[in-house]
Amino acid sequence: MKALKIILYIVLALVLVVAAAIFMIPTEYNVERSTTVNAPKKLVMQQVGRFENFAKWNPWGKLDPNMTKTITGTDGEVGAKYSWEGNDDVGKGSMEITAITDSRVDEKLVFLAPYESEASTYITLEEVDGGTKVTWGMQGSNPRPMNLMVPMMDGFIGKDYEAGLAELKKMTEAIASNDTFRGLKVEKMELSPRTYIGRKDTVKWADMQGFMASSFGAAYGELTKKKAPMAGAPSSIYFVWDEANEQTVMAAAIPVEGEYTLKGFEAFPAGGSGYKIAYYGAYEGSGEAHYAMDDYFTAKGLEMTEDIMVIEEYVTDPTTEADTSKWLTNVYYILK
């Protein structure tokens, strides 16, 4: 009987301790982990602010390789939602972007299985020496008596956040150190001083080929008569690319050495440091070179501004080479 009383006292004491803990332990929690990524903030934001990239580095994807993932809405914008469903390790739920800037992403996190709960998550970016400080956090609450789990939340969630941030760092730094995008290599280069002689106009995309053919022919004919010292192949210079109206402001011109003028034609001086992609293929596929250049600028933390002169140089003469895979177009982005 004495032993039974002792057991009852112990059980009662434990009940009292648990009851006290339920009212003493807070119901709210906030978990944070940080790392520094040696990459520009713009590139890091591209990885954390888009669900298509989040799916590549988050720590839970490895727990179920067969997990189904769905992205709805416009990825990278408020309202975009990432939903998943998998095994017991990953469960079922969704994340929705509720706010996004160039330095912070806020999301609503909803778990549907193996239990139901909601929380707020956020990722903040801060430029620091050598890269970008990334902080990943979660805020939520557990109603009593589930608040007994709050002291353990930091360990549970923090471990996963540390693993995710390590993968984010590895992936992003690999992109930042790369010079090949979309299968095309970007090279730093110097374009010798030259002047492009040709015609400039606003041209519908459908009319570009005809505009270039007539402008190149006219400029080449006049330059030949003047015995001008040509400095390269026929080229297009792009000033405005208007996707909404499917048109561009461009010049179809031929480069000559140094300064040069020609009556009836415009002169476009160029030269200096910049970046180059050597693209092989049919002209209609050359847009990939421009997309690759945009990816490169993002990875290096560079800005696409109006001060950049965009030039396509058509090195291969299509009248003498029928195989389009051998057509070389040099794409230059020259910093004015």
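Of note, residue 298 satisfies the criterion of being surrounded by fewer than 20 Cβ atoms within 10 Å (Cβ to Cβ) and of a type in the set (S, T, N, Q).
Within the bounds of segment 207-214, is there any residue that is of a type in the set (S, T, N, Q) and assigned to a helix (DSSP H, G or I)? Scanning segment 207-214, I find at least one residue that is of a type in the set (S, T, N, Q) and assigned to a helix (DSSP H, G or I), so the answer is yes.
Only residues that are of a type in the set (Gly, Ala, Ser) and farther than 18 Å from residue 32 by Cα were counted in segment 93-121, giving 5. Does residue 319 meet the test of being polar (S, T, N, Q) and without any contact (Cβ under 8 Å) to a residue 12 or more places away in the chain? So residue 319 passes the test.
Among the residues of segment 75-109, those that are open to solvent by 40 Å² or more (accessible area, probe 1.4 Å) and not in a strand (DSSP E or B) comprise 77, 78, 87, 88, 89, 101, 102. Residue count for segment 184-214 satisfying the condition of being small (Gly, Ala, Ser), in contact (Cβ under 8 Å) with a residue 40 or more places away in the chain and surrounded by fewer than 17 Cβ atoms within 10 Å (Cβ to Cβ): 2.
Within segment 301-336, being open to solvent by 60 Å² or more (accessible area, probe 1.4 Å) and within 21 Å of the chain's Cα centre (by Cα) holds for 303, 304, 305, 306.
Could you please let me know if residue 222 is more than 15 Å from residue 311 (Cβ to Cβ) and touching a helix residue (DSSP H, G or I) at 6+ places or on another chain (Cβ under 7 Å)? Criteria not met by residue 222. For segment 232-280, filtering for residues that are open to solvent by 50 Å² or more (accessible area, probe 1.4 Å), in a strand (DSSP E or B) and more than 30 Å from residue 326 (Cβ to Cβ) leaves 3. Residue 17 satisfies every condition listed in (1) closer than 28 Å to residue 103 by Cβ; (2) at pLDDT below 55 except (1).
Can residue 165 be described as at pLDDT 95 or above and not basic (Lys, Arg)? So residue 165 passes the test.
The values are calculated or read from the model by the stated rules, or taken from the named source; none is laboratory data. Bear in mind the structure is a predicted one, so any value in this text is a computation, not a measurement. Glycine gets a Cβ as well: all are built from the backbone with ideal geometry, and neighbour counts include every protein chain shown. Ligands, DNA and RNA are stripped out before the accessible areas are found, and what is left, the full protein with its side chains, is counted by its heavy atoms. Shrake-Rupley method; radii C 1.70, N 1.55, O 1.52, S 1.80 Å.
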